[in-house]
Amino acid sequence: MPVGALKSGADVTVCSVHKTLGALSASALINVAKNSRLSASKVKDSYHLLNTTIPSPLLLADVESCVRTLASDGKSIIDRAIFLNNKLRQAISKLPAVTIGTFEGSFKSDPTKTIIKIRGLTGHELSDILDTMRINIEKSTQKCIVVTTHINITDEDVEQLISAIEVIAREYGVFESTDGEAALARGCDDPE
């Protein structure tokens, strides 16, 4: 895994535990570094200025449960998420209209995330098509989508995403033919 933001020098981070640990929606943790330039009490005071005076006991209990689960079974949970992400990457990287992106820079990339581009579609278009198939992604941009294999992702979820990407790439994707001309993937299953 990449080095976390706090270990990289951030003073404060917010972790969306509903995305990473499978907590209920709208759940997050605020983490203050031990050597932060901001005091934890000031962060807490600022939080209370913006937050409700009656936090949801259900959300708090759910976040606590997720943190306990990660503390006790974290390594196996993360290893499984990485395994499923590698399975996804290996399956779709073989498709002619699909490009697996990489995170640029000197930072180590997150092995639970995959950047996917289907040539011929914008990331937003790909996201919209996946949405009609009831497949949620983490983020879309003009160029690509980002998928995260978090702890609630199952083998069946990954198989469903692989199948969806295969169908979308075949129906909408564009790939370079052997003579260098762009060819629509649709109808090109049998090379001439």
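The values are calculated or read from the model by the stated rules, or taken from the named source; none is laboratory data. Everything numeric here is computed off the predicted structure, so don't read it as measured data. With ideal geometry, Cβ positions are generated from the backbone for all residues, glycine too; neighbour counts draw on all protein chains shown.
All of (1) at pLDDT below 85; (2) within 22 Å of Lys139 (Cβ to Cβ); (3) loosely packed, with under 11 Cβ neighbours inside 10 Å hold for Pro2 with one exception: (3). Scanning segment 159-192 for residues that are of a type in the set (Asp, Glu), at pLDDT below 50 and within 25 Å of Thr132 (Cα to Cα) returns a single hit, Asp189.
Of the residues Thr99, Thr69, Thr114, which is modelled with pLDDT under 90, β-branched (Val, Ile, Thr) and either within 19 Å of Asn152 (Cβ to Cβ) or in contact with a strand residue (DSSP E or B) (Cβ under 6 Å, 6 or more places away or on another chain) (or both)? Lay out the reasoning, then the answer.
Working: Thr99 fails: modelled with pLDDT under 90; Thr114 fails: modelled with pLDDT under 90.
One residue alone meets the criteria, Thr69.
Is at least one residue of segment 145-153 surrounded by fewer than 16 Cβ atoms within 10 Å (Cβ to Cβ) and touching a residue at least 40 places away in the same chain (Cβ under 8 Å)? Yes - at least one qualifying residue is present in segment 145-153. Scanning segment 117-150 for residues that are touching a helix residue (DSSP H, G or I) at 6+ places or on another chain (Cβ under 6 Å), part of a loop (DSSP other than H, G, I, E, B) and closer than 13 Å to Val98 by Cβ yields Gly120, Leu121, Cys144.
Listed conditions (1) touching a strand residue (DSSP E or B) at 6+ places or on another chain (Cβ under 6 Å); (2) farther than 21 Å from Thr149 by Cβ; (3) assigned to a helix (DSSP H, G or I) are all met by Ile30, apart from (3). The number of residues in segment 118-138 that are under 17 Å from Val158 (Cα atoms) and either surrounded by 14 or more Cβ atoms within 10 Å (Cβ to Cβ) or touching a residue at least 24 places away in the same chain (Cβ under 8 Å) (or both) comes to 8. State yes or no: is Thr114 in a strand (DSSP E or B), under 20 Å from Ser16 (Cβ atoms) and β-branched (Val, Ile, Thr)? Yes, satisfied. Scanning segment 63-87 for residues that are more than 23 Å from Ser16 (Cα to Cα) and touching a Ser or Thr at 6+ places or on another chain (Cβ under 7 Å) gives no hits.
Taken over segment 29-64, the criterion of being touching a residue at least 24 places away in the same chain (Cβ under 8 Å) and surrounded by 13 or more Cβ atoms within 10 Å (Cβ to Cβ) is satisfied by Leu29, Asn31, Ala33, Ser36, Val43, Leu59, Asp62, Val63. Scanning segment 76-109 for residues that are part of a loop (DSSP other than H, G, I, E, B) and crowded, with 17+ Cβ neighbours inside 10 Å yields Leu95, Ala97. Can you pull out the residues in segment 33-70 that are among the small types (Gly, Ala, Ser) and in a loop (DSSP other than H, G, I, E, B)? The answer is Ala33, Ser36, Ser39, Ser56.
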